[in-house]
Amino acid sequence: MSLTASVWMLFFVGLWGRTKPLDNGLARTPTMGWLHWERFMCNTNCDADPDNCISERLYMMMADVMAAEGWREAGYQYVCIDDCWMSKSRDAGGRLQADPRRFPGGIKKLADYVHSKGLKLGIYADVGTSTCAGYPGSLAHYDTDAQTFAEWEVDLLKFDGCSMDTTLLEEGYVNMSKALNRTGRPILYSCEWPLYEWPSQKPNYNTIAETCNQWRNFADAYDSWSSVKSILDWTATHQDIIVPSAGPGGWNDPDMLVIGNFGLSRDQQESQMALWAIMAAPLLMSNDLRSICRHSKELLQNRHIIAISQDELGKQGYRTAKVDHFEVWERPLSQGWLAIAVLNALEIGGPRRFSLKAAPGWKTCTPLCNITQILPQYEEVGVQIGHQVSVNPSGTALLVIMPISMKKHDQRFLKMQWSEKQTLL
């Protein structure tokens, strides 16, 4: 590799220093699982809609599917409850309690069931006086609620930020983090802290990363391409601020994957999956796994994309170029590989071609790269001095490249393919 290319790779891989992450041993790679909110929202009418209301039945069914249909083996570990699971008041001892009609066995029974499937259970609470849907919040109850979740053997807490004075957000989130750690149970801590702080001030990502395992920055994901685009645009606009905080132990969370629902075309589903992997984002699906279509299931379980998501180097990718209505997003991977996503931002016309030589990361190819295309279809392209990809409107081509010099000691890599490299991740 030439000096120029070596310096470029060093710059690219180590562009930002990492802040100190929360040291609870969790989220060493981005979280993977299922979360009810976008698809099922606050549906509590179990009399009229027993299969889709927020009840222990829903989570048990999702756990059954995740264990039976390859989701667990693909890496999806968490079955996560969102808002609307609680009773409207605490019990006589001041503890949170599940709605007794919809969760007759209580959360501990549900956790035992989910664990019996080889999965983990996530739960939801709020840093303020009430949740976003009006159920009891955790303000002034942090230690009690943390201990309750630990006794129930919960594995993840999503901690929202409704009904809270923004000047007290930091104190509240830090106090709950400490309370969770004091329980002695490993509970992954998913925060909404910067989401609620951005309207009034720039969040302190050093403190956030020391406090949380993942954190939301921007608006909820909706089942639409405009929503996904707005999240990507916000992330790219603020990447110089948010990317340095991400890495093993703590991740920027652009919110749920809505793949398998109603609002995204096939190409747009591929774009969300590819770019969430590039962003080292938690992969938390919000869909109905009981009725998901074959293509969406194959996309969500694609081992090549998941390998990028879970890469051990733990570097978040970012947007590196905008060229002729294409967006280039790149993520450095372990052992010197590079993932490149090329998004066709146009929503009109037909497929358009993009030369990888226009991607900033291509500068590492000296003079060759070994290329594997993952989306829109898998292809071992092989060793190339250049390559063009065809990308549909609002679609994304996802590739992995390995720079190759022609020095003798590099010849062993010429036949090494992406599928072999995954065994090293």
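Rule-based calculations on the coordinates, nothing more; no lab input. What you see is a predicted model; the values in this text were computed from it and never measured. Cβ: placed from backbone, ideal geometry, glycine included. Neighbour counts: every protein chain shown.
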Find the all-direction average of the projected area of the Cα convex hull for region 226-306, expressing the result in square nanometres with one decimal place. 5.6 nm²
Among CYS42, CYS365, CYS84, which comes first, then next, by fewest other beta-carbon atoms within 10 Å? CYS42, CYS84, CYS365
Using only the alpha-carbon atoms of region 186-269 as identical scatterers, what base-10 log of I(q)/I(0) does the Debye formula give at q = 0.26 Å⁻¹? -1.26
I'd like the trypsin sites (Lys or Arg not before Pro) in region 285-346 restricted to DSSP loop residues with at most 14 other Cβ atoms within 10 Å, sorted by number. ARG290
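What full-extension length gain, to one decimal in nm, is calculated for THR144 and ASP49 as 0.36 nm per residue of separation minus the Cα-Cα distance? Please report the intermediate quantities before stating the final value.
Working: separation 95, 0.36 × 95 = 34.20 nm, distance 3.31 nm.
Extra length available between THR144 and ASP49 comes to 30.9 nm.
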For region 295-374, radius of gyration divided by Kirkwood radius, i.e. Rg to Rh on alpha-carbons: 0.98
Region 55-95 - Rg (one decimal) and Dmax (whole number), Cα, Å: 14.3, 42
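For every helix of n ≥ 4 consecutive DSSP H residues, a contribution of -39,500 (n - 2.57) applies; sum these over the chain, divide by its total residues, and give [θ] at 222 nm rounded to the nearest 500 deg cm²/dmol. Display every interim value, and only then the final one.
Values: 15 runs with 127 residues, N = 425.
That comes out to -8000 deg cm²/dmol.
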Dipole magnitude of region 249-394, debye to nearest 20 (Cβ charges: Lys/Arg +1, Asp/Glu -1, about Cα centre): 200 debye
Taking a ≥ b ≥ c as the square roots of the Cα gyration tensor eigenvalues, with a/c under 1.5 meaning rounded and otherwise prolate when a/b beats b/c, else oblate, which class fits region 49-119? prolate
With a 10 Å Cβ neighbour count serving as the proxy for reagent exposure, in which order, fewest first, do CYS80, CYS162 appear? CYS162, CYS80
Within the chain, the percent of DSSP beta bridges that are antiparallel, given to the nearest 5, stands at 60 percent
For region 151-306, what is one quarter of the convex hull surface built on the Cα atoms, given in nm²? 10.3 nm²
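At 1.306 mPa s and 10 °C, plugging the Kirkwood radius over alpha-carbon pairs of the chain into Stokes-Einstein gives what diffusion coefficient in µm²/s?
71 µm²/s
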